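Peer 1: Right, I'll just put the structure down here and ask away after.
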Amino acid sequence: MSYQFIHIESYARVGSNQKGKDTKWNIHQIAGEAMRNDDDCKHVKEPKDPAVIFGVDAYAAADLAQEWADASSDASGRKLRKDGACLLAGVISFPDGRSDEEWTAFRDDSVEYLKSKYGDNLKSVIEHTDEDYKHIHFYSVPNLGQKFDEIHDGKKAVLEAKKETHDMKKGEQNKVYIEAMKEFQEDFYQDVAIKHGMTKTGPKRERLTREEWKARKEYALTQSEEISNISLLKKEAINPVSYTHLTLPTICSV
């Protein structure tokens, strides 16, 4: 039993300098890492050729992001800054110790989720099997006329909130952003992770006791089995079952 991992980041044509941190990678470096360019994947001991399982490769996705950025303007009508976000890059990983068949099923469900969520903004999905955890990288790019914020859950929520409240303070924007990203995690959990017996987070992150964590894992496994049974019944057309949105029960501390 394990917990889900899905994460997104935004990248620009030029990596921005952040106080106290190394320079953030640019879109071409992040593409190089995905495609196992020697200079960009030094953290991988024995790199293997990546598999493009949807769309174009990461280099082509970065090129599309470059084209969008070169042709786009900011809110003031000026050309988009070189360090303005133009590529949404994400990672979905799978725990070690599971079978290849389980990975394939999870990977395919994840790709379908991404296709449904991002539509034609989704340009590339890359599979890696040469690190501790099998995982996929995905890349989304705005269409011409779209703002980057429209394809990023957190930024989109802030953009829409600011339309309602024009003088929204930074602290309020942060709360909106955080809540939207929690919903992003919940959405993936309900659509994909729970079907594969995963929990949303690990015990340390939620500070659960051993008993609470055990109960959470058992619940996730039960829901995974129930969903599988429902899918089987529907597939065989035996008394099709309707079911409501599944949610985790509240587990009180002991």
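Every residue, every condition in (1) among the charged types (D, E, K, R); (2) part of a helix (DSSP H, G or I); (3) more than 19 Å from the chain's Cα centre (by Cα), yes or no:
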residue	(1), (2), (3)
LYS156	yes, yes, no
LYS163	yes, yes, yes
GLY171	no, yes, yes
GLU179	yes, yes, no
GLN185	no, yes, no
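Peer 1: Here's another thing I want to ask about it. Considering the stretch 150-178 alone, what residues qualify as being in contact (Cβ under 8 Å) with a residue 12 or more places away in the chain and within 27 Å of ASP120 (Cβ to Cβ)?
Peer 2: Going residue by residue through the stretch 150-178, those that are in contact (Cβ under 8 Å) with a residue 12 or more places away in the chain are 151-159, 161, 173, 176-178.
Listed by number, the residues that qualify are ILE151, HIS152, ASP153, GLY154, LYS155, LYS156, ALA157, VAL158, LEU159, ALA161, VAL176, TYR177.
Peer 1: Now, a different point. In this structure, does LYS82 turn out to be open to solvent by 80 Å² or more (accessible area, probe 1.4 Å), closer than 21 Å to PHE148 by Cα, part of a loop (DSSP other than H, G, I, E, B) and of a type outside the set (A, V, I, L, M, F, W, C)?
Peer 2: In short, yes.
Peer 1: Given the condition in a loop (DSSP other than H, G, I, E, B), buried (at least 17 other Cβ atoms within 10 Å of the Cβ) and not β-branched (Val, Ile, Thr), answer yes or no: does some residue in the stretch 62-71 qualify? It would help to see each step written out before you state the result.
Peer 2: Kept after step one, since they are in a loop (DSSP other than H, G, I, E, B), are these residues of the stretch 62-71: 71.
Those left that are additionally buried (at least 17 other Cβ atoms within 10 Å of the Cβ): none.
No: the stretch 62-71 contains no residue that is in a loop (DSSP other than H, G, I, E, B), buried (at least 17 other Cβ atoms within 10 Å of the Cβ) and not β-branched (Val, Ile, Thr).
Peer 1: All but one of (1) in contact (Cβ under 8 Å) with a residue 60 or more places away in the chain; (2) surrounded by fewer than 17 Cβ atoms within 10 Å (Cβ to Cβ) hold for GLY77; which doesn't?
Peer 2: For GLY77, the exception is condition (1).
Peer 1: Next question, about the same structure. Is there a residue in the stretch 115-122 that is surrounded by 13 or more Cβ atoms within 10 Å (Cβ to Cβ) and either assigned to a loop (DSSP other than H, G, I, E, B) or of a type in the set (Phe, Trp, Tyr) (or both)? I'd like the intermediate steps shown before the answer.
Peer 2: Keep residues of the stretch 115-122 that are surrounded by 13 or more Cβ atoms within 10 Å (Cβ to Cβ), which gives 115, 117-118, 121-122.
Now restrict to residues that are either assigned to a loop (DSSP other than H, G, I, E, B) or of a type in the set (Phe, Trp, Tyr) (or both): 118.
The answer is yes, given that some residue of the stretch 115-122 is surrounded by 13 or more Cβ atoms within 10 Å (Cβ to Cβ) and either assigned to a loop (DSSP other than H, G, I, E, B) or of a type in the set (Phe, Trp, Tyr) (or both).
The values are calculated or read from the model by the stated rules, or taken from the named source; none is laboratory data. The model shown is predicted, which means the values in this text are computed figures rather than measured ones. Quick reminder, even Gly has a Cβ in these numbers, built from the backbone with ideal geometry, and neighbours come from all protein chains shown. These accessible areas exclude ligands, DNA and RNA; they are computed on the full protein's heavy atoms, side chains included. Shrake-Rupley method; radii C 1.70, N 1.55, O 1.52, S 1.80 Å.
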